[in-house]
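The values are calculated or read from the model by the stated rules, or taken from the named source; none is laboratory data. Just so you know, these numbers come straight off a predicted model, no measurement behind them. We place every Cβ from the backbone using ideal geometry, glycine too, and count neighbours over all the protein chains shown. For accessibility, only protein heavy atoms count, side chains too; no ligands or nucleic acids. Shrake-Rupley method; radii C 1.70, N 1.55, O 1.52, S 1.80 Å.
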Amino acid sequence: MEPSTDHADTRTGHVVVIGGGIAGLAAAHRLLGAGVAVTLLEATGRLGGKLRTGEIAGVPVDLGAESMLARRPEAVELARAVGLGELLQPPATANAAVWTRGELRPMPKGHVMGVPGDPAALAGLLSDEGLARIAREPELAPTEVGDDVAVGEYVAARLGREVVDRLVEPLLGGVYAGDAYRISMKAAVPNLFEAIRRHDSLLAGVRDIQAKAAARQPGGAVFTGIDGGVGRLPEAVADAVRAGGGEILLGTPVLGLTRPQGLTDTGGWRIRTGRRTLAADAVVLATPARSASALLAEESPAAAAELSAVEYASMALVTMAFRRSDTGVLPAASGFLVPPVDGHTIKASTFSTRKWGWLADAAPGLFVLRTSIGRYGEEEHLDRDDAELVEMSLRDLAEATGLAAKPVASEVTRWTAGLPQYPVGHQAWVVRVREAVAKLPGLRVCGAAYDGVGIPACVASARRAADEIIAMSTPARGAGRGAGE
């Protein structure tokens, strides 16, 4: 532990990153690569935020995010930069299912976040009436979308509620733990939003997206994991930050963030912790929105007010290990999604041993799977104890798959206020926050609350914040504490 001091710790060209999730770590890594001195402060005793590895029955597993989008480059590039390139591993199978109307049904192909270009793509998942409703969509008058629209609201108006309730909702819920009828299309599915602005028909817009994707022929897996778990990524980034001379302090909540008199026009900052007060030329604020709001209350009431309004969903992951010989009834899939309309407790299950080859190799006699529980506005189950959540998961698994075995080990991981919600107008909100923050010399924000909740989006957000700091003369050129922008 650092000794407590009464004086400010000063450095030349020094940036303090507040928050040790993947966004904060990525920002620190980016800054160090530009030759900037960095101190990262994390309030808890663990780095990584929603990326976390653990063990069950002696086997390494992810207890948070388990994969990252491979066709977006930022997270993969970061993994390679910190020495994990050879450990990147696509899923062994990507054949998922949907548990709806009493059966496990294959996840359909040929859709954009559940929205089809052709009704036939959803045959078997939707009723005949639902498919017929989709087929009539080109006959409808164009729908005005304005500056933004909720995904579920728009799709239901064009294609009917059944496609939203049975497919769009569980797919979006798997990403945001949110309500499709509230989630911003512009923020969550931007390619679909742009397509509906160009086409009078939603089906035509989806076909346009699909044609352009086919022309690009990206190839390769859509998602990738890391041998040993995606939770290894923050550990590797932290190691690289330390190796590059960066300082990382755990168990160090920030109690105050101010610009002292005389430095208010030059980017100088004081960061007060319980251990000491640090001086910095610039600050990257990589915390959840409400924490950022509290820290900015004095220096930017406008940004603080905007940030305080962000809503978060809570969820729990129930990870279980079974004897592999007891799980022969499980379908040959990577897992399944569960539409809320069907009234079950779990919202999804991942058959981790089937999905990740490294996990199957690590424990040949075990079968690891996990369920997720909790959606925005439907979080009452999270007040139950761990044993109840395990039992509720087992009941749903038995009904969905016929699995009657009991796990040899289980682990419940609760992510309280873990996923920021992206309601209609989210991108306009991001603009307002960044405009307010930009009035503070030498301060930028990043993280899941802004440009996407996935790992690549968080890394991209961190890069943006770091690059804007680097562009400021003080940290980039080592001009000394208190130099101007």
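Odds and ends about this structure:
- Modelled spin labels at Ala120 and Ala471, positioned 7 Å past Cα toward Cβ, are 4.9 nm from each other.
- You can think of it this way: the chain between Ala221 and Val431 has 72.3 nm of extra reach, that is 0.36 nm per residue less the Cα-Cα gap.
- Amide hydrogen proximity for Ala409: with H placed 1.01 Å from N in the peptide plane, the residues at 5 or more positions away or on another chain lying under 5 Å are Ala321.
- Magnitude of the charge dipole, the range 42-125, Cβ model with Lys/Arg +1 and Asp/Glu -1, debye to 20: 220 debye
- Measuring nothing but how far apart in sequence close Cα pairs (under 8 Å, 6+ apart) lie, relative to its length, the chain scores a relative contact order of 26 percent.
- Helix-only [θ]222 nm of the chain, DSSP H runs n ≥ 4, -39500 (n - 2.57) each, per residue, nearest 500: -10000 deg cm²/dmol
- Where a label projected 7 Å from the Cα of Asp361 along Cα→Cβ would reach, residues of the range 204-243 with amide N under 16 Å: 225-230
- Rounded to the nearest Hz, the phi-derived 3J(HN,Hα) couplings of the range 282-292 under the Karplus curve 6.51 cos²θ - 1.76 cosθ + 1.60 (θ = phi - 60°) are 8, 9, 10, 9, 10, 10, x, 4, 6, 5, 4, where x marks glycine and proline.
- Between 0 and 90°, nearest 10: helix 426-438 axis offset from the chain longest Cα axis: 10 degrees
- Computed from Cα positions, the angle between helix 455-471 and the longest principal axis of the chain comes to roughly 20 degrees.
- 3J(HN,Hα) couplings calculated from phi for the range 268-278 with the Karplus curve 6.51 cos²θ - 1.76 cosθ + 1.60 (θ = phi - 60°) are, in sequence order, x, 9, 10, 10, 9, 10, x, 8, 6, 10, 9 Hz; Gly and Pro show x.
- Computed lengthening from Lys212 to Arg272, 0.36 nm per intervening residue step minus Cα-Cα distance: 16.5 nm
- Centre separation in Å (Cα based) which lies between the range 361-376 and the range 121-152: 34 Å
- Relative contact order computed over the range 1-157 (Cα-Cα under 8 Å; 6+ residues apart), in percent: 10 percent
- Fully extending the segment from Ala135 to Asn191, taken as 0.36 nm per residue of separation minus the present Cα-Cα distance, adds 18.0 nm.
- Note on the range 101-153: with charges restricted to the Cβ of Lys and Arg (+1) and Asp and Glu (-1), its dipole about the Cα centre is near 380 debye.
- The fraction of accessible area contributed by carbon and sulfur in the range 235-377 is 50 percent, rounded to a whole number (1.4 Å probe; ligands and nucleic acids excluded).
- Between the amide H of Phe223 and those of Ala70, distances stay under 5 Å, these residues lying 5 or more places away or on another chain, with hydrogens modeled in the peptide plane.
- Averaging Cα coordinates gives a centre for the range 162-190 and one for the range 398-417; these two points are 24 Å apart.
- Applying 1/(1 + (r/R0)^6) with r as the Cβ-Cβ distance of Leu250 and Thr93 and R0 = 41 angstrom yields a FRET efficiency of 0.65.
- Rolling a 1.4 angstrom probe over the range 40-112 with all protein chains present gives an accessible area of which 50% lies on carbon and sulfur atoms.
- Note that the range 28-35 has calculated 3J(HN,Hα) couplings of 4, 4, 5, 5, 4, x, 9, x Hz, one per residue in order, obtained from phi through the Karplus relation 6.51 cos²θ - 1.76 cosθ + 1.60 (θ = phi - 60°); glycine and proline are x.
- Accessible area per residue for the chain, computed on protein heavy atoms with a 1.4 Å probe, is 40 Å².
- Between the range 229-304 and the range 36-51, the Cα center-to-center distance that results, in Å: 9 Å
- Placing a label point 7 Å from the Cα of Arg384 along the Cα-to-Cβ direction, the residues of the range 325-362 with a backbone N closer than 13 Å are 344-347.
- Axis angle, to the nearest 10 degrees, between helix 232-243 and the longest C-alpha principal axis of the chain: 20 degrees.
- Per-residue packing, averaged as other Cβ atoms within 10 Å, sorts the ranges 159-170, 85-96 into the order 159-170, 85-96, beginning with the highest.
- Each of the peptides 446-457, 31-42 was scored by the mean count of other Cβ atoms within 10 Å over its residues; in descending order, highest first, they stand as 446-457, 31-42.
- Positive-end residue of Leu389, Leu31, Ser352, charge dipole of the chain with Cβ unit charges: Leu31
- Check: the chain dipole with +1 on Lys, Arg Cβ and -1 on Asp, Glu Cβ, in debye: 940 debye
- For the peptides 229-242, 123-136, 318-331, 275-288, the ranking by mean Cβ contacts within 10 Å, running from highest to lowest, is 275-288, 229-242, 318-331, 123-136.
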